[in-house]
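Encoded as structure tokens, the structure appears first; notes follow it.
The values are calculated or read from the model by the stated rules, or taken from the named source; none is laboratory data. Just so you know, these numbers come straight off a predicted model, no measurement behind them. Here the Cβ positions follow ideal geometry from the backbone for every residue, glycine too, while neighbour counts run over all protein chains shown. Surface accessibility is based on the protein's heavy atoms, side chains included, excluding ligands, DNA and RNA. Shrake-Rupley method; radii C 1.70, N 1.55, O 1.52, S 1.80 Å.
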Amino acid sequence: MKRRESTCDPEREAKWQENYSKLILREASSIPELLHKEVQQAFLILRKHGCLFQDLVRIKGKNLLTPVSRLLIGNPGYTYKYLNSRLFTVPWPMEGSNIKYSKDEIFAACRAFFKLNDYLRKDTIQALDKLHLIKSKDSEDSAVFGMVPELSKNILNVGHDMELKKRTTYNLTLLNYMDPQEMSYLKEEPYFGMGKMAVSWHHDENLVERSTVAVYSYNCEGPEVLDDDELSPEGRNPAVWHVGLKIAWDIKTPGLAVPLHQGDCYLMLDNLNSTHQHCVLAGLQPRFSSTHRVAECSAGTLDYIFKQCHLALQNVKDDTEPRTVHLRSMESSVIKQGEEIHNEVEFEWLRQFWFHGHRYKKCTDWWQLPMSELEGLWKKMECVMPIPNRPKFTRGPETNLLAILGR
Ligand code: A4F
């Protein structure tokens, strides 16, 4: 294990540059004090109102509760799926949105994460510009770029700006909370002796390709066992939370453990999330984080699923006199498309929502209306094309859980 501090050893520094230069640490002191205050207050409010929940996920064939409790906040109507569980955003108050929250404090908390999101987006653009400059300074890329005519340069710039925007416009944040003292057991990090893990080595899933993940880390204050500088470079302070990073499929190259103090942020730039795995190494005190992501939402928004339902229902004729519904076309491709959408709305949306539904009500009733509309559309599909041999759909968690996870 190596720690992140710069070193006088040029060989070690070069190795770090080669393997880990896309991990950027922003120390708390570089972030505006008012933003810290608002964000830290927001975490405490959400914990006070019991808004963070452990998720039931499916991993390596097993259904498990995550040790970390979570809440998804983000663009209205967006969802994010990880480890087979779809989470629905508590909407943050974007310009032009008119969202009712269950409490003023919860509104203030969502507004704080929206502000943090904007701050991290701007900061990420700066970090990527710097990375781009460093990488293109010596590369052949820049030599070629230097030779292209002005017009092509402009086209390249426009393309570059569009890509940059696509990879930095965070559409949601997954909040995490864990109190290690409440955990009876935490796994040991298996490859580098990094100590107890709150989250095992993994890649974040379902993100836009090469998009950055930006993380704000807030650990509650408490005694630290040792000062960072008192430790050997091979050890890590077990009282302090760290983010661990390693190259994917590689346990020979030393991993990196970066200590996270109160209010520190880190950015996983560009393709770092796919070339590397990360883990979260537990400290002793409770810790929150806000992990801002560009979720790949092409099939993950309300707009999308409503469009799908309307597509399927184009094949359903709804007569009023006498009251009957029947299919317009019996062509196999049309029937198949209808069945796929019927499955999608039931298994990816309704069951997932009713399984976790009570959670969102703590913060807002925003999802109630669109989800009952979606249920109405599903019922129409059910009249003409019921799904054979599947567990009965109810609004309670039990059968939905079996149906979602056991598939
Ligand atoms: O060990 C874990 O981190 C874990 C424990 C558990 N009871 C359920 C899931 C996980 C888990 C995990 C949780 C959240 C997350 O965002 C990523 C995760 O990645 C993992 C994991 C990768 C467990 C094993 C693994 O290989």
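The table that follows gives values for the structure above.
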| quantity | calculated |
| --- | --- |
| Selection status of residue 62, without any contact (Cβ under 8 Å) to a residue 24 or more places away in the chain and among the basic types (Lys, Arg) | yes |
| Residue match in segment 29-52 (condition: in a loop (DSSP other than H, G, I, E, B), within 16 Å of the chain's Cα centre (by Cα), modelled with pLDDT of 95 or more and within 16 Å of the ligand (Cβ to nearest atom)) | yes |
| Residue that is farthest from the ligand (Cβ to nearest atom), among those in segment 179-197 that are closer than 14 Å to residue 245 by Cα and aliphatic (A, V, I, L, M) | 194 |
| Subset of segment 66-85 (residues that are in a strand (DSSP E or B) and farther than 12 Å from residue 360 by Cβ) | 66, 67, 68, 69, 70, 74, 78, 80, 81, 82, 85 |
| Qualifying residue in segment 273-280 (condition: in contact (Cβ under 8 Å) with a residue 12 or more places away in the chain, within 16 Å of the ligand (Cβ to nearest atom), among the hydrophobic types (A, V, I, L, M, F, W, C) and open to solvent by less than 30 Å² (accessible area, probe 1.4 Å)) | yes |
| Residue in segment 204-219 that is most open to solvent (accessible area, probe 1.4 Å), counting only those that are more than 16 Å from residue 176 (Cα to Cα) and not hydroxyl-bearing (Ser, Thr, Tyr) | 209 |
| Filter pass, residue 106 being in a helix (DSSP H, G or I) and away from the ligand (no atom under 12 Å from the Cβ) | yes |
| Residue that is surrounded by the most Cβ atoms within 10 Å (Cβ to Cβ) [pool: residues in segment 282-328 that are under 30 Å from residue 44 (Cα atoms) and over 15 Å from the mean Cα position of the chain (by Cα)] | 283 |
| Options 63, 19; residue that is at pLDDT below 95 and closer than 30 Å to residue 252 by Cα | 19 |
